[in-house]
1. Quick one: B:LEU247 ticks every box in (1) within 13 Å of ligand 2 (Cβ to nearest atom); (2) open to solvent by less than 20 Å² (accessible area, probe 1.4 Å); (3) aliphatic (A, V, I, L, M) bar one, so which box is it?
2. Exactly one condition in (1) open to solvent by 30 Å² or more (accessible area, probe 1.4 Å); (2) within 16 Å of ligand 1 (Cβ to nearest atom); (3) on the phi > 0 side of the Ramachandran plot is false for A:ALA329; which is it?
3. Working only within the stretch B:435-459, note down all residues that are at the interface with chain A (Cβ under 7 Å from one of its Cβ atoms) and either within 28 Å of the chain's Cα centre (by Cα) or closer than 21 Å to B:ASP209 by Cβ (or both).
4. Consider the stretch A:339-385. How many of its residues are among the hydrophobic types (A, V, I, L, M, F, W, C), more than 24 Å from A:PRO454 (Cα to Cα) and surrounded by fewer than 22 Cβ atoms within 10 Å (Cβ to Cβ)?
5. Do you know which residues across the stretch B:430-443 are out of contact with any strand residue (DSSP E or B) (no Cβ under 8 Å at 6 or more places or on another chain) and either assigned to a loop (DSSP other than H, G, I, E, B) or open to solvent by less than 10 Å² (accessible area, probe 1.4 Å) (or both)?
6. Taking the options A:LEU54, A:LEU99, A:LEU95, name whichever one is surrounded by 19 or more Cβ atoms within 10 Å (Cβ to Cβ), modelled with pLDDT of 95 or more and over 24 Å from A:ALA261 (Cβ atoms).
7. Which strands (runs of 3 or more DSSP E) sit wholly inside the stretch A:250-289 and have at least 2 residues that are within 26 Å of the chain's Cα centre (by Cα)?
8. Taking the residues in the stretch B:167-188 that are away from ligand 2 (no atom under 15 Å from the Cβ) and surrounded by fewer than 24 Cβ atoms within 10 Å (Cβ to Cβ) as candidates, determine which candidate is nearest to the other protein chains (Cβ to nearest Cβ).
Amino acid sequence: MTESTFDLVVLGGGSGGYAAALRGAELGFSVALVEEDRLGGTCLHSGCIPTKALLHAAEVAELSRHAASIGVRASFEGIDLPGVYAYRDGVVDRLYKGLQGLVAAHDVTLVRGRGHLVSPSAVRVGEVVHSAAVAVVLATGSVARSLPGLDFGGRVLSSTQALSLPELPRSAIILGGGVIGVEFASLWRSFGVDVTIVEALPGLVPNEDRSCGRALERAFRRRGITVRTGVRVAAVEQDAKGVSVALAEGEPLEADVLLVAVGRGPRTAGMGFEEAGVTLDRGFVEVDAALRTRVPGVYAVGDVVEGLQLAHRGFQQGIFVAEEIAGLAPAPVPEAHIPRVTYSDPEVASVGLTQAQAEERLGAGRVECVEYNLAGNGKSQIIGASGFVKLVREKDGPVVGVHMVGARVGELIAEAQLAVAWEAHPGDVAPLVHAHPTQNEALGEAFLALAGKPLHTHR
Amino acid sequence: MTESTFDLVVLGGGSGGYAAALRGAELGFSVALVEEDRLGGTCLHSGCIPTKALLHAAEVAELSRHAASIGVRASFEGIDLPGVYAYRDGVVDRLYKGLQGLVAAHDVTLVRGRGHLVSPSAVRVGEVVHSAAVAVVLATGSVARSLPGLDFGGRVLSSTQALSLPELPRSAIILGGGVIGVEFASLWRSFGVDVTIVEALPGLVPNEDRSCGRALERAFRRRGITVRTGVRVAAVEQDAKGVSVALAEGEPLEADVLLVAVGRGPRTAGMGFEEAGVTLDRGFVEVDAALRTRVPGVYAVGDVVEGLQLAHRGFQQGIFVAEEIAGLAPAPVPEAHIPRVTYSDPEVASVGLTQAQAEERLGAGRVECVEYNLAGNGKSQIIGASGFVKLVREKDGPVVGVHMVGARVGELIAEAQLAVAWEAHPGDVAPLVHAHPTQNEALGEAFLALAGKPLHTHR
Amino acid sequence: APAAVAPAPAAPAAFAPAEVRPLAKPPVRKLAKDLGVDLAAVAPTGPQGTITREDVQRAVAPAAAPA
Ligand SMILES: Cc1cc2nc3c(=O)[nH]c(=O)nc-3n(C[C@H](O)[C@H](O)[C@H](O)COP(=O)(O)OP(=O)(O)OC[C@H]3O[C@@H](n4cnc5c(N)ncnc54)[C@H](O)[C@@H]3O)c2cc1C
Ligand SMILES: Cc1cc2nc3c(=O)[nH]c(=O)nc-3n(C[C@H](O)[C@H](O)[C@H](O)COP(=O)(O)OP(=O)(O)OC[C@H]3O[C@@H](n4cnc5c(N)ncnc54)[C@H](O)[C@@H]3O)c2cc1C
């Protein structure tokens with residue numbers, strides 16, 4: 001057993017871990033980053049990036065399918081799955097190389113292998129103990145969960161398996177209408193797959209403002225995706241021919257594959273966390289507002305911390321923890337100020353409180369909402385986007401939530417995020433007329449309407 | 001001669017005029033809106049909207065042309081110009097109907113015909129004099145200019161004529177590398193036309209930060225567009241076979257058509273403006289910061305006022321003037337806070353000061369810039385966008401300019417606009433980590449870098 | 001048809017009394033909030049009576065280290 005000492009030892013090289021390592025190095029710490037698989041973690045290798053590459057291929061498939069309707073003589077002949085994978089892998093590889101370069105340039109020591117927390121200040125990897133003179137950061141991420149009694153394997157797929165199918169299924173059932181489920185539904189449908197979503201809750205994307213789930217469901221139905229909400233699964237069976245899903249009520253569903261997208265659970269077992277005194281709550285590492293675990297000098301970031309399972313939340317927490325450790329006393333960013341984007345067709349994007357959350361927090365009488373339909377937005381008409389922008393405001397007060405549905409609205413969330421995080425009043429935004437013709441004008445019109453001075457809005 | 005009295009009489013129903021009319025009506029005024037052609041003006045019928053519809057068809061053409069490289073089996077077979085026009089007209093018609101409905105719903109009286117300012121408070125249309133009890137707003141817009149001695153006609157086209165060519169030219173020379181010139185160059189190239197841009201100044205989009213023009217020029221060359229900057233035209237000749245452009249130096253250029261896109265001049269002659277006491281400066285209506293002409297009670301908005309010729313500046317000025325007339329004392333929006341987007345492929349988007357302007361205003365030593373290359377941005381990699389985001393900041397002070405080049409960056413300008421108009425410091429934006437993977441993360445990374453805490457950036 | 005928007009409940013009241021509050025750009029208001037500065041108690045030095053970033057920083061008691 002040899003020993004090696006660093007200021008910081010970060011366990012897990014995903015979004016949260018590598019952000020903590022890079023920021024830690026910038027702040028002058030010597031840093032070891034322990035990763036058993038590939039630097040970049042879930043997001044880069046089996047999450048955000050590969051799914052969004054497939055979703056872009058899906059977008060191009062849809063655009064070429066409908067090109068004739070706008071005067072472009074193009075024809076869509078199908079999906080070349082190996083070609084899609086090659087493109088996706090090209091994107092991942094370039095970003096992976098970039099990240100490796102970044103870690104090297106920051107003089108972060110990348111330790112390859114499985115780490116165990118062997119004391120509050122040491123992580124063992126194989127025969128080497130990496131001691132942390134200043135702090136340990138736990139960033140071991142999450143793994144796909146399934147339903148009790150339902151194991152991944154064969155025709156029952158996790159998102160990771162769904163990303164590397166050797167060929168496209170003809171039909172698919174997707175269990176779960178959350179972000180991952182609807183993104184796969186959307187891209188498979190564009191690729192020509194017959195898709196059925198089964199969601200136990202009453203609507204799709206149930207964490208979003210209810211208006212979003214409703215609009216997404218309507219759009220999905222128009223696209224030929226079958227949506228079954230409020231429906232529970234009783235049993236799943238598979239054989240050589242297909243998979244059969246028995247529902248709590250009604251006829252069973254049959255398909256080539258079943259994607260289980262019912263959520264992801266923290267990866268915190270079997271790595272010595274609890275033995276070192278770190279407490280868990282339903283598997284999540286318990287932390288305070290400054291992301292400190294119960295053990296002094298041990299922090300946690302990313303999907304192991306309960307809350308939004310998003311890569312940029314991991315980045316933000318990683319940066320925060322490095323600065324916290326360095327004594328910079330950073331201000332915590334409220335979870336509600338973290339933007340959320342679902343990259344389906346149509347996209348869903350939001351930041352801040354839903355109408356229901358705002359009404360619960362402020363009282364229904366103190367909340368004011370406005371919805372601007374993309375039908376009134378020139379650029380949305382041009383690209384054929386339908387949907388809306390919804391603002392939620394505290395009466396006579398700041399905008400506390402923004403919710404959008406429509407093609408390409410994901411990029412509009414950046415403006416919304418500044419407005420919500422800086423607690424802007426509609427009157428602050430109203431004089432700043434937006435560029436014409438952009439989709440962000442829809443946001444501008446909604447702010448104008450809330451400020452009592454609608455422009456392209458019927459009253 | 002009959003007389004009809006309103007509180008406000010607005011002359012010209014384009015972006016500036018109809019915004020003044022709608023806001024005026026909202027504020028309780030009775031309003032006459034005089035328009036000789038179609039409500040919506042240049043922007044809706046021969047400017048922003050039709051060009052952006054063609055540019056979207058161009059985008060789809062490019063995406064289907066390159067679909068195979070991302071695994072989508074689609075083939076591009078050419079442009080069906082009548083089909084493109086039908087799509088474009090469909091978009092314009094829908095928005096036109098919407099606008100007519102909006103004007104009707106606001107109880108604005110639409111007066112059809114050519115108006116003349118016959119006194120400081122009256123506009124005559126045919127045999128009817130429309131008196132303004134409160135104010136007159138001049139919003140007669142602009143028309144395409146040409147070079148001295150060069151008349152539009154035949155193969156020498158204005159942008160309006162270029163929008164309704166019965167068939168695509170095989171080759172085109174574009175005089176002028178400003179916004180309109182580069183947008184046509186971009187869309188014609190996507191449609192398969194052989195394009196040469198001739199610009200007298202040393203770079204494309206000369207009003208933008210120099211870095212933008214350089215990047216656009218490189219991208220255009222890669223796309224096979226010939227760019228001739230710093231080149232003056234000596235003479236133009238046309239015959240049945242084509243058009244020939246003699247340059248001040250070197251070989252003449254030949255093509256099927258010549259698009260003259262050297263700018264637009266205000267439409268202010270022959271409508272009684274000067275007779276009523278309104279003063280002009282090189283054709284533009286002279287106004288003060290509150291858009292008041294020299295004649296009490298007469299205001300001007302939009303392209304007749306010197307400055308950025310943009311539809312949303314017209315909207316903003318129209319709203320402003322209505323509020324000013326109503327005594328609301330609105331705060332003027334500085335011209336630099338108006339966002340600017342060029343919808344070519346790649347797009348160019350900016351707000352605030354260029355580096356050169358900032359250095360001139362603040363002194364070179366007091367300006368700090370950062371450029372973030374889209375190569376480091378995951379979403380840009382996915383959609384194949386290359387380019388950059390550049391921030392210009394007053395040292396230790398606010399961000400005063402944002403400049404971007406790349407596919408789809410136009411939508412990112414909304415966030416930049418809030419940051420610049422609200423004089424945000426990089427440190428205000430830095431904690432608000434952007435959604436992953438979006439293109440607006442590139443803006444986030446640039447803010448992080450300027451705040452001294454780069455994440456995905458080599459140092 | 002464009003813009004099927006829920007009617008904006010406000011009367012034409014762009015600058016209705018309810019909007020009256022100390023003038024400051026949103027990031028400055030946010031800074032004041034983070035620093036625990038009450039904008040109503042800050043003397044504005046910016047154009048049109050706007051409270052500037054410097055006004056807020058000046059209002060922070062020298063003893064209280066900024067968060
Ligand atoms: C299909 C899918 C799509 C997604 N799309 C998006 C999206 O578009 N946007 C978004 O924001 N988020 C998205 N997410 C979520 C995002 O991927 C996660 O929130 C993010 O990856 C969490 O980062 P993390 O650092 O906490 O964990 P991870 O990225 O899971 O990284 C943990 C790392 O730790 C390593 N590790 C674990 N234990 C050990 C050990 N004992 N020793 C050594 N190494 C160890 C793992 O190998 C892994 O590399 C998606 C997720 C999935 C599954
Ligand atoms: C090809 C092209 C592309 C463009 N793209 C964009 C873009 O993408 N984004 C952007 O922001 N801007 C763009 N513009 C600029 C934009 O169109 C103008 O800035 C905007 O239209 C100006 O609005 P306006 O109200 O001042 O004038 P106009 O839109 O020109 O309206 C003036 C109106 O007044 C009427 N009128 C004039 N004189 C009289 C009279 N005596 N009696 C009755 N009626 C009269 C005219 O018929 C016209 O309808 C583009 C322009 C062109 C030419």
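1. The single condition B:LEU247 does not satisfy is (1).
2. Every condition holds for A:ALA329 apart from (2).
3. Answer for the stretch B:435-459, where residues must be at the interface with chain A (Cβ under 7 Å from one of its Cβ atoms) and either within 28 Å of the chain's Cα centre (by Cα) or closer than 21 Å to B:ASP209 by Cβ (or both): B:THR438, B:GLN439, B:ASN440, B:LEU443.
4. Qualifying residue count, the stretch A:339-385: 2.
5. Start the filter on the stretch B:430-443 by keeping residues that are out of contact with any strand residue (DSSP E or B) (no Cβ under 8 Å at 6 or more places or on another chain), which leaves B:430-434, B:436-437, B:440-441.
Once the filter is applied, which keeps residues that are out of contact with any strand residue (DSSP E or B) (no Cβ under 8 Å at 6 or more places or on another chain) and either assigned to a loop (DSSP other than H, G, I, E, B) or open to solvent by less than 10 Å² (accessible area, probe 1.4 Å) (or both), the stretch B:430-443 yields B:ALA430, B:PRO431, B:LEU432, B:VAL433, B:HIS434, B:HIS436, B:PRO437, B:ASN440.
6. On the way: A:LEU54 fails: over 24 Å from A:ALA261 (Cβ atoms); A:LEU95 fails: over 24 Å from A:ALA261 (Cβ atoms).
Matching residue, one of A:LEU54, A:LEU99, A:LEU95: A:LEU99.
7. On the way: elements: A:253-255, A:257-260, A:264-266.
Per the criteria, A:257-260, A:264-266.
8. Going through the qualifying residues, I end up with B:LEU168.
The values are calculated or read from the model by the stated rules, or taken from the named source; none is laboratory data. Everything quoted here is computed from the prediction, not taken from an experiment. All Cβ positions, even for glycine, are placed from backbone atoms using ideal geometry, and neighbour counts span all protein chains on display. Calculation scope for accessible area: heavy atoms of the full protein, side chains included, ligands and nucleic acids excluded. Shrake-Rupley method; radii C 1.70, N 1.55, O 1.52, S 1.80 Å.
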